[in-house]
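Shown next, in structure tokens, is the structure this report addresses.
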């Protein structure tokens, strides 16, 4: 085929094709150098995108401003092709350079190959996404990018079909944006993948998902992963037709440049113009360096396979194609290769110098002080030896300096010299800097941070109606949907019937199906829909029907949403509200209160536990003013209890981290939350009848917890405390105890040992009797409080049973 005909076929100029080849060579060289850097001890681990360069270059050609990527750790060439990553930034991440200027994706917090652009400015405010090529932040768990991908694409559907959103031009131009996803062939065995594929097909959203298929999952070949060995053939039933909705499925070889260009041109056109999801199966991909630096693929691939991979290397095939079509000479390509490799090496050198110079500077500041201290100290010889060993370190890291400084401060603990004081000051400054580097931004620190939302108290009048609790929520959601077109709610049974407890009753009819929407039974992608939409400036409320079912989505919540602010060093946010209901109703799977699991896995998400629907409504209003995510757990047995609708139902807010004293007392403090508030209050009334005064405190939010340390003030008065909830023993009750007794210093004010009340080790048995002997009840609380008082005054409070 002549060069003119080739150029016409791919729609590109010669200089474009040669630029693509140069990038493929440079990216490959970065992978090769990166592997060597790990083996030389300059980096901890390496995972690279070699063998996938050509397909990623082709995909990048159709990626426009406003589009989003939700991919995984092999996509370095794509990120370079869209100018979302420089080679120097690539190496800065490999070295863990703790700087968002040097390493914008994560500020050095994530291992190499985890990509993102900064969607937020330095104040935590949104940048204009329609003026950027956007990449949501990668996470390591396989297929975990898929739920978020559905949400990124779903946002385009909302932006296109909801005309009230057409003025949101910082985020979308009438839904014209495509969400591009990538995944390895072995990861398509994951449940997240299948759930996401199904959800996107049902929703009909502009999503292009590419499978990089190299026939293996580390050492395991495709026959162990996929029925029939081909994921596109396995999914043939989702291919759209004239009489059914579905996917456009495209299959293409990963080394065929012009076919790849054509495939992605078709995929992008279908997705962007028709809002139809497209599945691109890129097969015959190779992995020249194996899976990662943790092992060699020569251990599990045959000689024949390795030879085939060498022959079908996409860079090799691309070069052959260029030469065959006379687009450049061998000499021209050799020169280009040398330039690309030199560029990669120069980027590596610059990245290493920037990284190591900061550490060496900090080390020198410390060693200068240590040298001075050695002259003043009786431990001078030992200090000199420690400093000499530190200075000999070839590739120093921060912890080595800190360890030496702390050892020296221990050695000189009985000395008071100016140099030692300087060393203490250095350590304090270093610890503060490293706290900022490694432990900041778990939650938002912007002006819209949830902890900063001001309290607006609920207002009542003689006209405030007394209604079922569900109607308070209904009024709250009605107000939210009315005032902000970005707000929408999705979940199982949320739409047509207004959720299983009727808090959205009638709101789909009022606001339309785009705003109040039913979903299939698919908790993980319900959350993913919310994460992706929130990343694109919308304000989703995603419902998990029962708290017990949160386990279906806990991995996505924990690994993706909860870590987002932290892993991007404040570069991205997803202010998603997860609505659910729990604590107690009936049986093993509808009475769960697995709060300790939630507290242990969802740091980075507010965990709010309102005792009634009015408090819940206040939390919804608070979070809709915030840019943090939150899990709001309503009381499953409280929807029919009577409450008054505040006159300012759409405006009042409940502050986070502020406990409320429900009942004042002088003998014992009981700290609790959620449905247990009613149980404890009833027990307190019965205890009052026998002369025991109980102070009842509702913590209201578990994350954050009592930020002003108010609970300890109660302990100063009562000198006794019980922590009560419905989690397992040693669960959230132990968490509350640690917060109050240890962090707040509550132990200092106690005259009796702290006590916990919890549910049993097992899930609740069915029916009222099952609940009674599985979960704490009024008698449980009464007896625990009474036992404390019996210890104090056994004559007044003799043994009951």
Checklist entry - Hey, residue 727 hits all of (1) outside any helix (DSSP H, G or I); (2) touching a strand residue (DSSP E or B) at 6+ places or on another chain (Cβ under 9 Å); (3) farther than 15 Å from residue 785 by Cα but one; which does it fall short on? => result (2)
Next on the checklist: If I ask for residues that are farther than 25 Å from residue 306 by Cβ and either surrounded by fewer than 20 Cβ atoms within 10 Å (Cβ to Cβ) or at pLDDT below 95 (or both), which ones from the stretch 202-229 would you list?
Outcome noted: 202, 204, 227
Checklist entry - Is it fair to say residue 109 is surrounded by fewer than 24 Cβ atoms within 10 Å (Cβ to Cβ), out of contact with any strand residue (DSSP E or B) (no Cβ under 8 Å at 6 or more places or on another chain), assigned by TED's automatic domain parsing to the domain that holds residue 29 and within 18 Å of residue 139 (Cβ to Cβ)? => result yes
Item to check | Positions within the stretch 697-724 being closer than 15 Å to residue 755 by Cβ and assigned to a helix (DSSP H, G or I), in sequence order | outcome: 711, 714, 715, 718
Checklist outcome for this item: Among (1) modelled with pLDDT of 95 or more; (2) in a loop (DSSP other than H, G, I, E, B), residue 782 falls short only on (2)
Next on the checklist: Taking the conditions exactly as written (touching a residue at least 12 places away in the same chain (Cβ under 8 Å), under 21 Å from residue 789 (Cβ atoms) and outside the structural domain of residue 587 (by TED's automatic domain parsing)), does residue 707 satisfy them or not?
Outcome noted: no
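Of the residues 784, 739, only one is in contact with a strand residue (DSSP E or B) (Cβ under 6 Å, 6 or more places away or on another chain), surrounded by 15 or more Cβ atoms within 10 Å (Cβ to Cβ) and assigned by TED's automatic domain parsing to the domain that holds residue 710; which?
Numbers: 739 fails: in contact with a strand residue (DSSP E or B) (Cβ under 6 Å, 6 or more places away or on another chain).
Within the list 784, 739, the selection yields 784.
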Next on the checklist: I need every pair where a residue in the stretch 498-519 that is within 17 Å of residue 485 (Cβ to Cβ) has its Cβ under 7 Å from the Cβ of a residue that is surrounded by fewer than 16 Cβ atoms within 10 Å (Cβ to Cβ), sequence separation at least 6 or different chains.
Outcome noted: 508/496; 514/161
Next on the checklist: Exactly one condition in (1) assigned to a helix (DSSP H, G or I); (2) closer than 24 Å to residue 288 by Cβ; (3) touching a residue at least 40 places away in the same chain (Cβ under 8 Å) is false for residue 146; which is it?
Outcome noted: (2)
Checklist entry - Can you tell me which residue in the stretch 273-300 is surrounded by the fewest Cβ atoms within 10 Å (Cβ to Cβ), limited to those that are in contact with a helix residue (DSSP H, G or I) (Cβ under 9 Å, 6 or more places away or on another chain) and without any contact (Cβ under 8 Å) to a residue 40 or more places away in the chain? => result 298
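Kindly indicate which of 200, 196 is over 21 Å from residue 74 (Cα atoms), touching a residue at least 60 places away in the same chain (Cβ under 8 Å) and either in a strand (DSSP E or B) or outside the structural domain of residue 517 (by TED's automatic domain parsing) (or both).
Values: 196 fails: over 21 Å from residue 74 (Cα atoms).
One residue alone meets the criteria, 200.
Among the listed residues 66, 34, 41, 71, identify the single one that is at pLDDT below 95 and either surrounded by 23 or more Cβ atoms within 10 Å (Cβ to Cβ) or within 31 Å of the chain's Cα centre (by Cα) (or both). Let's see the steps before the verdict.
Values: 66 fails: at pLDDT below 95; 34 fails: at pLDDT below 95; 71 fails: at pLDDT below 95.
Residue meeting the stated conditions: 41.
What are the residues in the stretch 667-696 that are outside any helix (DSSP H, G or I) and under 43 Å from the mean Cα position of the chain (by Cα), if any?
Quick first cut of the stretch 667-696, residues outside any helix (DSSP H, G or I) only: 667-675, 689-696.
Hits for the stretch 667-696 are 668, 669, 670, 671, 672, 673, 674, 675, 694, 695, 696.
Please determine whether any residue of the stretch 87-96 is closer than 26 Å to residue 262 by Cα, within 23 Å of the chain's Cα centre (by Cα) and assigned by TED's automatic domain parsing to the domain that holds residue 174.
Initially, the stretch 87-96 is screened for residues closer than 26 Å to residue 262 by Cα, giving none.
Within the stretch 87-96 (the criterion being closer than 26 Å to residue 262 by Cα, within 23 Å of the chain's Cα centre (by Cα) and assigned by TED's automatic domain parsing to the domain that holds residue 174), the answer is no, since none of the residues qualifies.
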Checklist entry - Considering only residues of the stretch 545-587 that are on the phi > 0 side of the Ramachandran plot and under 13 Å from the mean Cα position of the chain (by Cα), which is surrounded by the most Cβ atoms within 10 Å (Cβ to Cβ)? => result 569
Checklist entry - Among the residues of the stretch 316-324, is there at least one that is under 30 Å from residue 99 (Cα atoms), at pLDDT 95 or above, assigned to a helix (DSSP H, G or I) and out of contact with any helix residue (DSSP H, G or I) (no Cβ under 7 Å at 6 or more places or on another chain)? => result no
Checklist entry - Applying the selection to the stretch 211-249, what residues are more than 31 Å from the chain's Cα centre (by Cα) and not in a loop (DSSP other than H, G, I, E, B)? => result 223, 227, 228, 229, 233, 236, 237, 239, 241, 244
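The values are calculated or read from the model by the stated rules, or taken from the named source; none is laboratory data. Everything numeric in this text was worked out from a predicted model, so none of it was measured. For neighbour counting, all protein chains shown are included, and Cβ atoms are generated from backbone atoms with ideal geometry for every residue, glycine included.
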